[in-house]
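Contents: one structure, followed by commentary.
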Amino acid sequence: MIVDSSSLIILAKVNILLVLTKLYKNIFITKKIYNETVEEGLVIDAADSKIIKNFVENSKIKVLNLNKKYENFSNELKNIYSQLGDGESDAISLALQEKDNIIMDEKIGRQVCKLYNLKPKGTLRILLEAYKNNIIKEDELREIINEIIKYKFRIGADVINEFWILFEKIKNVK
C-alpha cells in the first residue's frame, strides 16, 4: 500500500499507523514523501514526524525509489496538474510503478489517480476497514474521528456524514 504525505501525517497525528500496518503487510513511501513528512517536520519538532521516522527505522514503512521512468512521470504530473504537490505526484507514480493501491485524501490527487486507473482509498475508508476487520473497536473509531476533526483535517461535514452512514451499515452486518 502506497501512502501520500497528508494521509501519512494524519494517521501519525492520531497515532494509528500501527493500525495501517495491521491492515496491510507492506506500506511504501518515496524519499520525497519521507522528506515532507519527517525531515521537514523534525525542523519544527512535530510529534507525527518522529512517529513516522520510527516506523521507517523499524521497517514498518519502507522508503522506495522511483525508477527514472516514474520519476519523470511524477514531474510531468506536477507540470500538468499544478495543484498536485510532490507527495501526491510521487505517491501516484509509485503506485503505478509498484502496481499497488494508494491511500490519498486530497480531491485533486484522487481525481488524477482515477485518470490512471488507480482506485485511491481515503483515511476514513482505512478506518472502516480496520473496524470491519476487528482491529479497532467502535469506541476507538469514534475517538479517532474526533481527533481527526480536532486536527482540522480536510474532511467536510458531508464526508463525515457519509462515513457514519457506511459505518452503521458495516456495524449492522457484523
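The values are calculated or read from the model by the stated rules, or taken from the named source; none is laboratory data. Predicted, not measured: the structure shown is a model, and the values here were computed from it. A quick note on method: Cβ atoms are made from the backbone with ideal geometry, for glycine too, and the neighbour counts reach across all protein chains shown.
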_Go through segment 106-125 and report how many residues are farther than 15 Å from VAL3 by Cβ and outside any helix (DSSP H, G or I)._
2
*Within segment 68-101, how many residues turn out to be in contact with a helix residue (DSSP H, G or I) (Cβ under 6 Å, 6 or more places away or on another chain) and exposed (fewer than 15 other Cβ atoms within 10 Å of the Cβ)?*
1
*Considering each of LYS13, LYS53 in turn, give the residue that is touching a residue at least 12 places away in the same chain (Cβ under 8 Å) and touching a Leu at 6+ places or on another chain (Cβ under 8 Å).*
LYS53
*Which condition number in (1) within 24 Å of ARG142 (Cα to Cα); (2) touching a Ser or Thr at 6+ places or on another chain (Cβ under 7 Å) is the one that LYS78 fails?*
(1)
_Residue, farthest from ILE108 (Cα to Cα), within segment 131-168, restricted to residues that are at pLDDT 90 or above and among the basic types (Lys, Arg)_ = LYS137
